[in-house]
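Asks: Below are the structure tokens for one structure; questions will follow.
The values are calculated or read from the model by the stated rules, or taken from the named source; none is laboratory data. The structure displayed is predicted, hence computed values, not measured ones. Note: accessible area is taken over every heavy atom of the protein model, side chains too, but ligands, DNA and RNA are not part of it. Shrake-Rupley method; radii C 1.70, N 1.55, O 1.52, S 1.80 Å.
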Amino acid sequence: MCPDCEDFARTVLLLGQLALYADTTGADLDFVDIVSPSLAASLPEPPTGEGS
């Protein structure tokens with residue numbers, strides 16, 4: 001897998017896991033509110049599939 005593809009996939013996975021965590025009983029929503037924008041901002045451009 002190309003490095004950009006791996007970074008993109010990992011970040012999307014983390015965003016999904018954070019969304020699932022936010023829906024759990026007892027989730028620390030302050031944590032979610034702080035981490036989610038930073039994680040979303042770190043999302044790289046979607047890979048084009050070139051060079052893979």
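Asks: Here are some residues: THR25, THR11. Which one is open to solvent by 70 Å² or more (accessible area, probe 1.4 Å) and of a type outside the set (Asp, Glu)?
Replies: Just a single option satisfies the conditions, and that option is THR25.
Asks: Further question: Right, LEU39: at pLDDT 85 or above, aliphatic (A, V, I, L, M) and either open to solvent by less than 50 Å² (accessible area, probe 1.4 Å) or part of a loop (DSSP other than H, G, I, E, B) (or both) or not?
Replies: Criteria met by LEU39.
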